[in-house]
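Only one structure is covered here, and it is reproduced in the block below.
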Amino acid sequence: MTLADNYINQNYFQGRIVNVYDGGVEIELNGRLGILKIPKRMIISKSELVTGKKVGFMMTYPEVLE
């Protein structure tokens, strides 16, 4: 394996919260990329999570390993 094989390309994504429920939130990603559902414990925020709030995060694209 070379260094290029181990390099992780992170991309910055943005979206907005479309639903807040007891255990998590739904985020609609900009650019027609779909909806991401994640638990509240994964959100870093100083204020209460409300519908319509803009969010941003780093993520890599999924890779099939086998």
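The values are calculated or read from the model by the stated rules, or taken from the named source; none is laboratory data. Please read these numbers as outputs of a predicted model, since none were measured by experiment. Ideal geometry is used to build each Cβ from the backbone, glycine not excepted, and the neighbour counts take in all protein chains shown.
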Keeping to segment 4-54, report how many residues are aromatic (F, W, Y) and surrounded by 10 or more Cβ atoms within 10 Å (Cβ to Cβ).
1
Tell me which strands (runs of 3 or more DSSP E) are completely within the chain and hold 3 or more residues being at pLDDT 90 or above and of a type in the set (V, I, T), or say none if there are none.
11-20
